[in-house]
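So the structure is just underneath, and the comments pick up after that.
The values are calculated or read from the model by the stated rules, or taken from the named source; none is laboratory data. Note that the coordinates shown come from a computational prediction; the quantities given were computed from them, not determined experimentally. Please note: Cβ atoms are built from the backbone with ideal geometry, for glycine as well, and neighbour counts cover all protein chains shown.
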Amino acid sequence: MKATKGYLLMLGSAAGSGAFLSACTTHATRQTISERSKFIHFAHDLGQLDVMAIACGIPKSLQTQGCKSREMRYQHRINAIAFFAICLALACNASSAAEPATGTTAFVRLNGLVGAWQLVSPKSAKNSAFRISYRTISHGSALVETFGDPNVDVTETIYHMDGQQLMMTHYCAQGNQPRLRLAADSTTQALHFVFLDATNLPDPATSHLIDLRFEFLQDGHVIRREIYRENGKDDVSELILEPAQIK
């Protein structure tokens with residue numbers, strides 16, 4: 001109990017009283033009076049009883065209600081720790097919840113992929129050999145994505161800024177080069193690129209890339225989803241990636 005309490009005190013101190021209150025009271029104010037009362041007892045341990053009482057709207061008469069015995073005070077501490085954990089999880093989800101991505105923040109996000117990636121749970125030797133790798137070039141002004149078995153054949157896509165816009169050009173094995181641009185609905189957790197134009201594509205009915213998405217999962221996996229269009233029909237494929245293991 002003391003170790004847990006000490007750790008939580010460290011979290012409260014590191015986050016600062018303002019961040020702590022912002023993260024916790026948002027959820028606490030939605031709880032019942034009884035649940036809020038439990039939370040106030042733990043806030044007292046953090047030296048913020050008066051502030052939390054006002055923030056949560058708890059009558060002063062209820063601030064010590066139900067704590068007539070040492071055992072009950074101990075139980076209140078246990079309940080408060082559990083409640084604090086819920087608040088902390090909600091705060092983390094809120095802070096990591098997708099915020100709108102700009103061209104710059106999206107490019108930074110993609111640069112976090114530098115390295116090699118492999119398929120999660122490959123079902124064949126061919127899938128096991130598949131890799132997607134990322135590397136920066138030109139003093140970090142462009143990011144190169146290499147797609148495929150590096151021992152057989154690969155395609156490349158280059159991401160770069162164009163003013164405030166994030167662009168990408170895909171050098172397809174079919175011989176065309178679609179250019180896609182970051183879409184307005186992109187977030188820091190889900191980047192979305194949409195078709196802009198293409199070179200060496202004399203017939204728009206020919207198969208070509210029109211849509212690409214990256215979804216960044218909390219477990220570290222990345223979902224890469226692309227759409228090719230041919231004769232008006234869309235072909236959707238999805239890859240779930242994890243960092244490649246070094247052999």
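Just to be sure before I move on: is V236 touching a strand residue (DSSP E or B) at 6+ places or on another chain (Cβ under 8 Å) and either farther than 24 Å from S121 by Cα or outside the structural domain of W117 (by TED's automatic domain parsing) (or both) in the structure I sent? No; evaluated as a whole, the condition is false for this residue. Scan region 164-183 for residues that are over 13 Å from L209 (Cβ atoms) and without any contact (Cβ under 8 Å) to a residue 24 or more places away in the chain and jot them down. If the condition is that a residue be over 13 Å from L209 (Cβ atoms) and without any contact (Cβ under 8 Å) to a residue 24 or more places away in the chain, then A183 is the only one that fits.
Any chance region 126-139 includes a residue that's among the aliphatic types (A, V, I, L, M), in a loop (DSSP other than H, G, I, E, B) and under 26 Å from I210 (Cβ atoms)? No - not one qualifying residue is present in region 126-139. In region 120-139, the residue that is farthest from I223 (Cα to Cα) out of those that are at pLDDT 95 or above and under 23 Å from the mean Cα position of the chain (by Cα) is T136.
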